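Following: one structure in structure tokens, then a few remarks.
The values are calculated or read from the model by the stated rules, or taken from the named source; none is laboratory data. Since we're looking at a predicted model, the values are computed, not measured. Please note: Cβ atoms are built from the backbone with ideal geometry, for glycine as well, and neighbour counts cover all protein chains shown. These accessible areas exclude ligands, DNA and RNA; they are computed on the full protein's heavy atoms, side chains included. Shrake-Rupley method; radii C 1.70, N 1.55, O 1.52, S 1.80 Å.
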Amino acid sequence: MAFEALTQKLEVVFKRLRGKGKLSEADVKQAMREIRLALLEADVNYKVVKDFVQKVTERAVGQEVMESLTPAQQVIKIVHDELIQLMGPKDTKLNFSQSKVSVFMMVGLQGSGKTTTCGKLGLYLSKVGKRPLLVAADIYRPAAIKQLQVVGEKVGLPVFTAGEQDPVAISKAALEHAHRHGNDVVIIDTAGRLHIDDELMEELERIKEAVTPNEILLVVDSMTGQDAVNVAETFHSRLHLTGLILTKLDGDARGGAALSIKAVTGCPIKFIGVGEKLTDLEPFYPDRMASRILGMGDVLSLIEKATSAIDQEKARQLEEKIRKEEFTLEDFLEQIKQVRKMGSLDQIMSMIPGFSPQKLQGVEFNEKELVHIEAIINSMTKEERRNPSIINGSRRRRIAMGSGTSVQDVNRLLKQFEQTRKLMKQLSDLEKGRKKGRFRLPFF
Amino acid sequence: MGFFERLKQSLVKTRNQLAEKIEGIIKLSAKIDEDTLEELEEVLISADIGVSASEKLLSNLKEKVKTEKIRLPEELKEALKEEIIKVFPAEKLEIVPPTIILVVGVNGVGKTTTIGKLAYKFKVQGKKVILAASDTFRAAAAEQLSIWGQRAGVDVVKHQEGSDPAAVLFDAIQAGKARRADIIICDTAGRLHTKKNLMEELKKLYRVSEKEYPEARIVSLLVLDATTGQNAIAQAKIFKEAVNLSGIVLTKLDGTAKGGVAVAIASELNLPVLFAGVGEGIDDLEEFDPKAFADAIL
């Protein structure tokens, strides 16, 4: 099911609209069909989609088509804004107890990633100066306790275990242990359970009663489908959740479940898990998630990822260059080197608007390609790198020879570079626009 | 208890609600019209069958309504069930010893648990089974598999955490040959299908199986969590390319999720669902029966 970027689909829908000044109901309806499809394919709950589409239609009909925005972008802007509103506001603050040990309880279905997330959250908290204690209260799954112990060891945090006795007793004992050993946060890893398993849900209620958690966080797999709502609703009604953590967002799931759950329970999404490493936990940003659900890439996360991998000084220089539109092939080369530090390429590419992973299918982005690109750029003169427009046919041939590639490869690289530059320009325009208080481009 | 009862029983919680809904729709509209079909679409999409597969099912249904002159709501329901059943390729897993079963999937779908259940199932059938703990990545995965191995009463070949998964499989194959095992089941680390390097690692496991045990039949099973949404299609596609999937094991069907995305996968990739996981017990794995599945959904 190849999914084209929503923007493109809507462009087609609105092609015949050129020259019109207002969006008519029929135009909007047609666009809404595409949006509905995009949301359903992103696993947003059917009912939520229905309400949402209705709301957006109302807002969109009769809207003036803004100058310099095509109707497609106009509609997407509205959709995007509404999505952000539905998922926001950004609320990633965790509630800590003022005087006592804070208690965080992690709950969720089997396989949603609770144990790993416990480790990640523990590490995150220890980085901000807390002294977390991980508590192994999953007594059902074989080797779950061992798993938490290993995770704890990896992140350098103590793990409280008390064998396979009652999880309520374990939790209580852990709290005491924390008191005695100077831990100020306990993170309880509970067993995965089905929301319809009455007995086990009751167990959670008893743990809650025994240790009065400051946070009860539902861990949700971002690949979850329509059922996410049922699950979250049940957990919420029985435990009164304080927030959500969305996991496995490093895949290509568009994570519509996030939207559904937020819409239905009202619980804020606090963190997202974005990788297998224990450092891969990030605060949640509604605007980025909105872009992802609509299949529009995630430039902000990309930039952030870049800045965390690149040293700050270089990042500042790059930013300066982007702003002044002085981005050259040399910077491109530098960037490629940095990109390789950031992680797998397709993951990064998927964050760039218009580079949806589906579109990249068949295009092999492997490390070898990067080596070629490096070689090509290295075969250029300094002047050529600074000003690629002077690269004519004979220069292309020379560069191809020098780098052991073909002229086609050189052409492709130059084209890629031009695209990147355009993207950068768009970004910096956006930045300028914001300063002048004008509207924002919808998809960043 | 047979599969039919069992699956139906575990789906009953969902089913009631859903069936009522459908029956409500069907009864309300004594005449079958566009609205009826649209509401049926809602039911199908809510079961994670997805937009395009649902549209396909419904357009077939419309054809049928016309050609077979379906008038009664009850007939409509039966006809839709038939359409769902028809989507699944009628393939069964036949074990011809020696067989290597590669069990693959994304993180947290229940691969290790499924292997425990499979091992038990084959053991009960009198087959000799060896498990290969090739999930060397996740903390304590090998321990988890060992516990399942004990429960099922089969041997487990394992290495240290962080060691080469292919080396574990290699050893398991040697052990399998020496001990004349009928089936070697290989547990693999959960991996997102978008991680190219990890998918390469999986291909390597497949190649090792081919090379080290040419006379064995290789069966690749994709374990799919029934709660998964449309992303499962992308998963199935990419895993299929990597290890030539033989079929799917649909797990966690004892929740309220319907696993409807299996319909989309079957329809798009022609992949059969071979087993259904319906609980946490060692015998909670049943052969998949499309009829029971359709009955349980509608």
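Here are some notes:
- Trypsin sites (Lys or Arg not before Pro) within the stretch B:85-162: DSSP coil, no more than 11 neighbouring Cβ in 10 Å: B:LYS92
- Length added when fully stretched, A:ARG180-A:VAL128, from 0.36 nm per residue minus Cα-Cα: 16.6 nm
- Between B:ASN107, B:ASN244, B:ASN231, the residue with the greatest mean-square fluctuation in the GNM of chain B (Cα pairs under 10 Å linked by springs) is B:ASN231.
- Here the Karplus curve 6.51 cos²θ - 1.76 cosθ + 1.60, taken at θ = phi - 60°, turns the phi angles of the stretch A:183-192 into couplings of 7, 9, 9, 10, 10, 8, 8, 8, 6, x Hz, with x standing for Gly and Pro.
- The mean count of C-beta atoms from other chains within 10 Å of the C-beta of residues in B:180-193, rounded to a whole number, is 1.
- Amide H partners (placed H, <5 Å) of B:ASP225, local residues excluded: B:THR251
- Protein heavy-atom surface of the stretch B:164-260, 1.4 angstrom probe: 48% of the accessible area is carbon and sulfur, with nucleic acids and ligands not counted.
- The stretch A:198-277 - percent of accessible surface contributed by carbon and sulfur, probe 1.4 Å: 45
- Other-chain or far-sequence residues with amide H under 5 Å of B:GLY247's (modelled H): B:SER220, B:LEU222
- The stretch A:102-291, Cα convex hull volume normalised per residue, Å³: 104
- Fully extended contour minus Cα-Cα distance, from B:LYS86 to B:GLN160, at 0.36 nm per residue: 22.1 nm
- Ranking B:LYS203, A:LYS154 from most to least accessible surface, computed with a 1.4 Å probe over the protein chains only, gives A:LYS154, B:LYS203.
- Near B:VAL156, the amide H atoms lying under 5 Å from its own belong to B:LEU131; only residues 5 or more places off or on other chains count, and H is placed 1.01 Å from N.
- Cβ-derived FRET efficiency at R0 60 Å, A:GLU418 paired with A:THR234, nearest 0.05: 0.70
- In chain B, helical runs assigned H by DSSP with n ≥ 4 each contribute -39500 (n - 2.57); averaged across all residues and rounded to the nearest 500, the mean residue ellipticity at 222 nm is -17000 deg cm²/dmol.
- Scaling the Cα radius of gyration of the stretch B:99-245 by the globular reference 2.2 N^0.38 Å produces a ratio of 0.96.
- Nearest-10 value in Å² for the accessible area of A:ASP331, using the 1.4 Å probe: 20
- Nearest-10 value in Å² for the accessible area of B:ASP289, using the 1.4 Å probe: 50
- Counting only protein heavy atoms and a 1.4 Å probe, the stretch A:102-291 has 31 square angstrom of accessible area per residue.
- Placing A:ASP198, B:ASP171 in order of accessible area, with the largest value first and a 1.4 Å probe, yields A:ASP198, B:ASP171.
- Among the GluC sites (Glu not before Pro) in the stretch B:82-127, those placed in a DSSP loop whose Cβ has at most 15 other Cβ atoms within 10 Å are B:GLU91, B:GLU94.
- Here is the interface size for A with B: some 3700 Å² of accessible area buried, both sides summed, with a 1.4 Å probe.
- A:HIS177 contributes an accessible area of around 40 Å² to the protein surface, as traced by a 1.4 Å probe with all chains present.
- Where labels lie 7 Å past Cα in the beta-carbon direction, separation of A:GLU64 and B:ARG180 in nm: 8.7
- Counting, for every residue in A:224-236, the Cβ atoms of other protein chains within 10 Å of its Cβ and taking the mean gives 6.
- Computed lengthening from A:SER394 to A:GLU209, 0.36 nm per intervening residue step minus Cα-Cα distance: 58.9 nm
- Here the calculated FRET efficiency for A:GLU11 and A:ASN387, from their Cβ-Cβ distance with R0 = 30 Å, stands at 0.40, rounded to the nearest 0.05.
- Whole-number D in µm² s⁻¹ for the stretch B:162-298, Kirkwood Cα-pair radius fed into Stokes-Einstein, 10 °C, 1.306 mPa s: 98
- Heavy-atom accessible area order for B:ASP48, B:ASP283, A:ASP81, largest first, 1.4 Å probe: B:ASP283, A:ASP81, B:ASP48
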